Amino acid sequence: MNIRAKLAIVFSVVTVSVGVAVFFYLNAYLGSLLSDGMKSTLRVVAEISEGSYFVFTEDVKTRTIDWSSDGYIRNTVEKMIDSGTPLKEKNRLTHELNIYLKEKKIVHDPSVIIMDILDRNGFVVASSRADRVGVDEGKEERELGAIRWSEAMKAKFGEAFISSIVSEEDESTEAMTHATARIFSTTLGKDGFPLPLDAIVLLHFVRSDQLSGMLNGSFQEEQGGLTGVAFGKTYTSGEIYLVDKNGFLLTSPSRDKKRHINEKVSDYVISSCFKDGGEINEEYLNHDGIKVFGASMCIKRDNIMLLAEVQSDETFAPLASMRRSAILGILFTVAVIVLCSILFSSITLRPLDSIIATAREVSEKKYSARAPIKSKDEFGYLAIVFNDMLDKLEKAMVEAYDKAKDLSEKVLLIENQNASLEGGRKAMINLLEDARELEVGLQNERDTSSAIIASISEGLLVVDKNDKIILMNPVALKLLGVTREECLGKCPIDIISIFKGDELVAPEDRPVARTLKDGENVFIGREDNFYFQIPSGRKFPVAIATSLIKSGNLVGAVVIFSDITEDKLLDEAKSSFISTASHQLRTPLTSIRWYAEMLLDEDVGALNKEQKDFAQEVYNGAARLNDTINSLLYISRIESGKLQEELVEIELKPFVKSIFDELAPLISQKKLSTTIDIGDEVRIVVDKFMLHEVISNLLSNSIRYTNEGNHIALGYDIVEGEAVCSVADNGIGIPDNQKDKIFGKFFRAENAMSKVPDGSGLGLNLVKQFVEKWGGRIWFYSIEGKGSTFYFTIPPRS
Amino acid sequence: MDAIDKKMILVVEDDVALGKAILFKLDKKGYSATLATDAESALQLLKNGARYDFIWLDILLPGMSGLDFLKKIREDSALKDERIAIVSASGGYDKEVIAKQLGAVDYIVKSQFNLNDIIERVAGDINKP
């Protein structure tokens, strides 16, 4: 909340407080003033009214005395009450007096409605109303306290008594006043005063109108008195009236003509007068429940009370209007004060506003802004000081700006550098990440490889490109009888000596050296006869495989080797078995053959035909057995890998021809025709022995499994870069259901068996073995009963 | 023919039957053949000073093998020049190579040939310079 508002609030609060205080004070003061005033006014009025009342009553008294002084009445009454007077006389006197009273007296005063003469017991002895004679007024006095005739009976001359105003409905509808006076004789007593009689005059006055008029001033007005009038004029609710001790109105209030006499008024007021004897002068609730100010005059003598009342509302009317005015005044004042304070604060604080505005401008970087100096007061001073500060600020800002510009240029420079560094850094991080990924991948591969390497059952050794050992697997360590620590970083040559047979293999001829130098994969098998000699001295035969490891650049070589001692032993056992077997088989067989041969040659004597035939059979059988054994032994040798190729270049046609020549006897025997379809200039590199066996076997098959006059053709061609030989016949062919077994050992097709009962069934197997040994392929086409053609390839050799 | 002109052949062959047949044929051919049934005996003969024009050597022999015998002969300066042909029951290129290395004149596989053929071949080998 700003100052203006605060100020306004403060002032209004102050003003309102003050106003309220003043208001309440005034209210109270005026109130009391008014009430006091009213009270005293009423007191005065009451007293004055009482005065008026008394005047009035005096008037009544005078009348009473006056009439009680009437000679005629005096005389008559005297005579009447004299006990000596005869009754008739009394009655006559009474009658005359009644008439006299009625006609002579009360006519003169209309307010007297009855004039009674009472005896000392209070009985009416004469009256203006004749019928009243005999009425016991004394009873009335006793009951109502009305007449006070008893006092009058003792009264002196010139004393009159007024009783309270009563309403006696039987006598009059209006409230009446009774007045009594003693009647005195006309005779003077010793003291010079008239002698008192035991009779009184009782006048019934009806003068309530007059009374109220008197009270209210109208009587006085007639008489010339002003107070009541003035009172009535001043106070619209002002009332002066009389009340008897029971609280009944005796005069009607002038304003409220509806009110009539005999209405009851407030008990409080009555009791205070007649019981407590006090007069009141205060504010109270009147008989209607309205708050009034009232003053009472207690006229005990007459048993009446005089009340002057003014309604509180009227009393405090000024107060009400004052209140209204005060409130308006306060509000007005507050408004004025607020406006003034606002105005004042605005004016005073305007310089502050401009300072604030300036400060805002400066905060928006308008450093040149300055506050206007408008006043010579504190704000003015503030403006001056503020501006001073702004000067310094501006200067500082300018300096700072320049410095900042400078710095930002430098920063820009650095940032650029940073950016490029960052780029480099990012690139590096990428590389690192890639490297890490790679490493992980490699690690995985390594792990896999390690697992594999550890699990292979052969020795594995890896050397780097400088022939230094970088890896050895457990089997290698075991085979070589070394530990990893001994080997890593060393060359294999320092650990293993390699022998071929008994000869030390030269360093450059060692498999790894060859691999590292030429990049060739080297395989050393059983047949190469290599041995490792290890640090322990043990020498054992080995099979070695070396291979280059390259990944872009040469990394090294891997060597896998195994101790083939057992294999070799096995081999040797096999070959020794084979050789032994072959030897053991062949030797006796040779024996049979040679002896059969010698027999046939008749080296030990001539044989007859039968003997010759028998010897021939022996020889044939031996020869066949020999062939079988040879074939078996070849096969077993091939299968055990002991057969080595010996390659020579041959002219194919002559070679083939010579084979035909070898078989010529059999060919001519069956009268078979032959064809050799080979170019004259064809030269191939072959193992002569094997090729011979293959062609020879195929040809013999063709010879054997054809019929007389059939044809055999041997051909040679280059088909799709391959040298293909074919041996074709039109013999018995191979049944379809036997084709898949035809190359099997000892297998003889059914038709073959029936044609040539004694065949070994090994021929084709041997042929296949030979062909495959030299890396060729063999296949055939055959139709049973039509013939067969066998093909085999000869791969080029150097 | 003169006994002095007869060529002296030492046959080292453990199979008696075969040996007998060989001797018979060699004799028929006009050579003077001696049979040794094992390499040791043959060696002994040689050590004892017997000299032959030709040695028919089987490989599979009890005890010392034919090839070892051959080696021994070659190591012996006195005997290294003996002309020897291997006539074995089994072929085997490796053996043949070794035999040739050891200076065998020929390498014949018995089972491949008739006896006559072998005899002829040996005769040819004997007469070769």
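Brief remarks on what is shown
Residues checked against (1) without any contact (Cβ under 8 Å) to a residue 60 or more places away in the chain; (2) out of contact with any Leu (no Cβ under 8 Å at 6 or more places or on another chain); (3) aliphatic (A, V, I, L, M); (4) assigned to a helix (DSSP H, G or I):
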site	(1), (2), (3), (4)
A:ILE65	no, yes, yes, yes
A:ARG74	no, no, no, yes
A:THR85	yes, no, no, no
A:LYS88	yes, yes, no, yes
A:ARG92	yes, yes, no, yes
A:GLU96	yes, yes, no, yes
A:LEU101	yes, yes, yes, yes
A:ILE114	no, no, yes, no
A:ILE117	no, no, yes, no
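- Number of residues in segment A:460-487 that are part of a loop (DSSP other than H, G, I, E, B) and not hydrophobic (A, V, I, L, M, F, W, C) equals 7.
- Subset of segment A:445-459 [part of a helix (DSSP H, G or I) and of a type outside the set (Val, Ile, Thr)]: A:GLU445, A:ARG446, A:ASP447, A:SER449, A:SER450, A:ALA451, A:ALA454, A:SER455
- Within segment B:104-123, being over 17 Å from A:ARG624 (Cα atoms) and surrounded by 15 or more Cβ atoms within 10 Å (Cβ to Cβ) holds for B:ALA104, B:VAL105, B:ASP106, B:TYR107, B:ILE108, B:ASN116, B:ILE118, B:ILE119, B:ARG121, B:VAL122, B:ALA123.
- Residues that are without any contact (Cβ under 8 Å) to a residue 24 or more places away in the chain and either assigned to a strand (DSSP E or B) or within 14 Å of chain A (Cβ to nearest Cβ) (or both), drawn from segment B:19-59: B:GLY19, B:LYS20, B:LEU23, B:PHE24, B:ASP27, B:LYS28
- Among the residues of segment A:315-366, the ones that are closer than 30 Å to A:VAL18 by Cα, of a type in the set (D, E, K, R) and without any contact (Cβ under 8 Å) to a residue 40 or more places away in the chain come to 2 in all.
- In segment A:256-283, the residues that are within 25 Å of A:PHE316 (Cβ to Cβ) form Cβ pairs under 6 Å with partners that are at pLDDT below 65, at six or more places apart or across chains, as follows: A:ARG259/A:SER252; A:ARG259/A:PRO253.
- When A:ASP388 is tested against (1) in contact (Cβ under 8 Å) with a residue 60 or more places away in the chain; (2) surrounded by fewer than 15 Cβ atoms within 10 Å (Cβ to Cβ), just one condition goes unmet, and that condition is (1).
- Restricting segment A:125-140 to residues that are surrounded by fewer than 17 Cβ atoms within 10 Å (Cβ to Cβ) and among the small types (Gly, Ala, Ser) leaves a set whose member that is nearest to A:VAL112 (Cα to Cα) is A:ALA130.
- Segment A:760-781 residues that are within 18 Å of A:LEU633 (Cα to Cα) and in contact (Cβ under 8 Å) with a residue 60 or more places away in the chain, paired with ones that are buried (at least 19 other Cβ atoms within 10 Å of the Cβ) and of a type in the set (Lys, Arg) (beta carbon under 9 Å, 6 or more apart): A:SER760/A:ARG748
- Among the candidates A:GLY189, A:GLY145, residue that is modelled with pLDDT of 80 or more and over 60 Å from the mean Cα position of the chain (by Cα): A:GLY189
- In segment A:677-737, counting only strands (runs of 3 or more DSSP E) that sit wholly within it, the ones holding 1 or more residues that are surrounded by fewer than 17 Cβ atoms within 10 Å (Cβ to Cβ), free of Cβ contacts under 8 Å to residues at least 60 places away in the same chain and of a type in the set (Gly, Ala, Ser) span A:711-719.
- A:CYS340 being closer than 30 Å to A:ILE3 by Cα and surrounded by 13 or more Cβ atoms within 10 Å (Cβ to Cβ): yes
- Answer residue from segment A:282-301, given it is crowded, with 18+ Cβ neighbours inside 10 Å and within 30 Å of A:PHE161 (Cβ to Cβ) and is modelled with the lowest pLDDT among those: A:HIS287
- Which numbered condition A:ALA664 fails, given (1) in contact with a helix residue (DSSP H, G or I) (Cβ under 7 Å, 6 or more places away or on another chain); (2) loosely packed, with under 15 Cβ neighbours inside 10 Å: (1)
- Residue within segment B:62-73 that is aliphatic (A, V, I, L, M), touching a helix residue (DSSP H, G or I) at 6+ places or on another chain (Cβ under 9 Å) and farther than 23 Å from B:LYS47 by Cβ present: no
- Only one of A:LEU607, A:LEU643 that is surrounded by 16 or more Cβ atoms within 10 Å (Cβ to Cβ), more than 11 Å from every other protein chain (Cβ to nearest Cβ) and in a loop (DSSP other than H, G, I, E, B): A:LEU607
- Residues that are under 21 Å from B:LYS128 (Cβ atoms) and outside any helix (DSSP H, G or I) within segment B:60-79 comprise just one, B:LEU79.
- Within segment B:103-129, the residues that satisfy the criterion of being modelled with pLDDT under 75 and more than 14 Å from chain A (Cβ to nearest Cβ) are B:LYS128, B:PRO129.
- Qualifying residues in segment A:626-635 (those that are in contact (Cβ under 8 Å) with a residue 12 or more places away in the chain and within 10 Å of another protein chain (Cβ to nearest Cβ)) - the one surrounded by the most Cβ atoms within 10 Å (Cβ to Cβ): A:TYR634
- Filtering segment B:95-102 for residues that are modelled with pLDDT under 85, farther than 30 Å from A:THR628 by Cβ, buried (at least 17 other Cβ atoms within 10 Å of the Cβ) and away from chain A (no Cβ under 12 Å) leaves a non-empty set.
- Enumeration of residues in segment A:11-62 that are crowded, with 17+ Cβ neighbours inside 10 Å, of a type in the set (Phe, Trp, Tyr) and modelled with pLDDT of 80 or more: A:PHE11, A:PHE23
- Extreme residue, surrounded by the most Cβ atoms within 10 Å (Cβ to Cβ), among residues of segment A:315-337 that are closer than 20 Å to A:ILE9 by Cα and out of contact with any Ser or Thr (no Cβ under 6 Å at 6 or more places or on another chain): A:ILE330
- Looking only at residues in segment B:9-18 that are farther than 17 Å from B:ASP125 by Cβ and not in a helix (DSSP H, G or I), the one that is nearest to the other protein chains (Cβ to nearest Cβ) is B:ASP15.
The values are calculated or read from the model by the stated rules, or taken from the named source; none is laboratory data. Here the structure is a predicted model, which means the values were calculated and not measured. Cβ sites come from the backbone with ideal geometry, for glycine too, and all protein chains shown count toward neighbours.
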